[in-house]
Amino acid sequence: MTVSFRHTRTRPTLSRRRILATPLLAAPFIAGHAWAQERFPSRTIEVVTHAGVGGGTDITARMMMVQAPAEFGQELVVVNRVGGSGAAALAYAASKPRDGHTILLITQTHLLTVMRNRAPGISYSDIVGLARATEDPQVLMVGKGSPHKTAQAFIAAAKAQKMKFGTTQVGGVDHLAVFGFAKQAGIQQPTIVPFRGGGDIAINLVSGNVDAALLNPSEPEAQIRAGDVIPLLTLHEERIATLKDVPTAKELGFTSVHATTRGFAVLKGVPEDRIAILEDRLVKSMSSPLFRNYLDSTGQARSSVAGRQVWQAQLDAFNADGREALTALGVAQ
């Protein structure tokens, strides 16, 4: 700060005490101004996932990060915080400064964890969407021994009798998808049979222990190729690249859209200008040919990548529908 004096024979208009005090008074202003002008991002960005290394969410993060350093001008690193169906990842993010250098890669599982009060200190209003990364459509599938070889035949039968559906968890994302599909298709609410994962469900489809399941295309990929599992209906607005002959729910006259969805978010408190930068550069990072090829090769929707507006609206819808479904199923807390 420059201090001017009046050059007269009298003493300066500013006392020595005031001159000495001036730098101390100016320091907070200078520091605050420097923070406001700080380039963002100014250091490595942490991408927090709830999946272990090699899990679907972990792989999605790393595929985004191939192009991201060039877009952000900074390195990104995956932080795996496994446990509590997303609770550990949310807790880790909550412990970090809300400055945009920590982002989450979340799924509907995180929202269910929050809905069921299993993420202490975190509410849904704390989650701010940035960009959607993947939309992995769920597909109605039956075993090769099923008498129902088309979606129309299955739906007609399921209106007359209660079917057994394999899912991964009671009250989980798959269970809620089955509930929503049954409601939209006008069939009886199925009997839910839980298993450890999609692989187990596929085995039980083949053996006839369950009538049907809603699975992501990659889960029973080997069984589909062998003809042991038959995809009947894609619960999405568009057909899947790896299942081009399988019709969509929209083609059958109802709008049942269910998918395992992954996207990036921050916790409330990150400045809006930084949120805008994160959204822009994440979308650009996922617009690379490599990421597009990843979507196609894993049977995910080509329209997966979307900005904040689309992603936040989807999160809001799942939050509302999920709470309603949990209550209807009697598993809300």
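So for 297, 85, fewest C-beta neighbours within 10 Å to most, what's the order?
Working: 297 11, 85 21.
Arranged by neighbour count, lowest to highest, 297, 85 become 297, 85.
What is the diffusion coefficient of the stretch 281-333 in µm²/s, taking the Kirkwood radius over Cα pairs and the Stokes-Einstein relation at 25 °C with a viscosity of 0.890 mPa s?
Numbers: Rh = 13.3 Å.
This corresponds to a translational diffusion coefficient of 185 µm²/s.
If you add up the charges near residue 298, with Lys and Arg at +1 and Asp and Glu at -1, over every other residue whose beta carbon is less than 10 angstrom from its beta carbon, what do you get?
Working: positive: none; negative: 136, 221, 296.
Local net charge: -3.
Counting Lys +1, Arg +1, Asp -1, Glu -1, what net charge surrounds residue 188 among other residues with beta carbon under 15 Å of its beta carbon?
Numbers: positive: 159, 162, 164, 183; negative: 211.
For residues surrounding residue 188, the net value is +3.
Near the amide H of residue 172, under 5 Å away, which other amide H atoms are found, from residues 5 or more places off or on another chain, if H is placed in the peptide plane?
none
Need the full-extension length gain, residue 321 to residue 169, defined as separation in residues times 0.36 nm minus the C-alpha distance. One decimal, nm. Walk me through the intermediate numbers first.
Working: separation 152, 0.36 × 152 = 54.72 nm, distance 1.76 nm.
Difference between extended and current length: 53.0 nm.
What number, in percent, do you get for the relative contact order of the chain if the mean sequence gap of Cα pairs under 8 Å and at least 6 apart is divided by its residue count?
Working: 596 pairs, mean separation 75.7, N = 333.
This gives 23 percent for the chain.
Taking H placed 1.01 Å from N in the peptide plane, check which residues at least 5 places from residue 130 or on another chain put their amide H under 5 Å from its amide H.
Under 5 Å from the amide H of residue 130 lie the amide H atoms of 264, 265, 266, each far enough along the sequence or on another chain.
Cross-link partners among lysines for residue 164, C-alpha distance below 20 Å, same-chain residues fewer than 8 apart left out?
Once the sequence-local lysines are set aside, what remains near residue 164 is 144, 149, 183.
Starting with the fewest neighbours, write out 203, 155 ranked by other beta-carbon atoms found within 10 Å of each beta-carbon. Don't jump to the answer; show the numbers that get you there.
On the way: 203 17, 155 20.
Sorted ascending by nearby Cβ count, the order is 203, 155.
By counting other Cβ atoms within 10 Å of each Cβ, how are 290, 252, 278 ranked from fewest to most?
On the way: 290 11, 252 15, 278 25.
Ordered from fewest to most neighbouring Cβ atoms within 10 Å, 290, 252, 278 come out as 290, 252, 278.
Given the C-alpha atoms of the chain, compute the convex hull and give its volume per residue in Å³.
Values: hull volume 50.8 nm³, N = 333.
Cα-based convex hull of the chain, divided per residue, equals 153 Å³.
When every alpha-carbon pair in the stretch 139-252 is counted, what percent end up more than 22 Å apart?
Details: 1469 of 6441 pairs.
Counting pairs separated by more than 22 Å, the tail of P(r) holds 23 percent.
Looking only at 237, 135, 38, which one moves most when the chain is put into a Gaussian network model with springs between Cα atoms under 10 Å?
38
Over the chain, with a Gaussian network built from C-alpha contacts below 10 Å, which listed residue (56, 299, 129) shows the highest mean-square fluctuation?
With Cα springs under 10 Å in the chain, the top fluctuation among 56, 299, 129 is at 56.
Read the figures in this text as sums done on the coordinates, not as results from a lab. In this text, all values refer to a predicted model and were calculated from it rather than measured experimentally. Cβ: placed from backbone, ideal geometry, glycine included. Neighbour counts: every protein chain shown.
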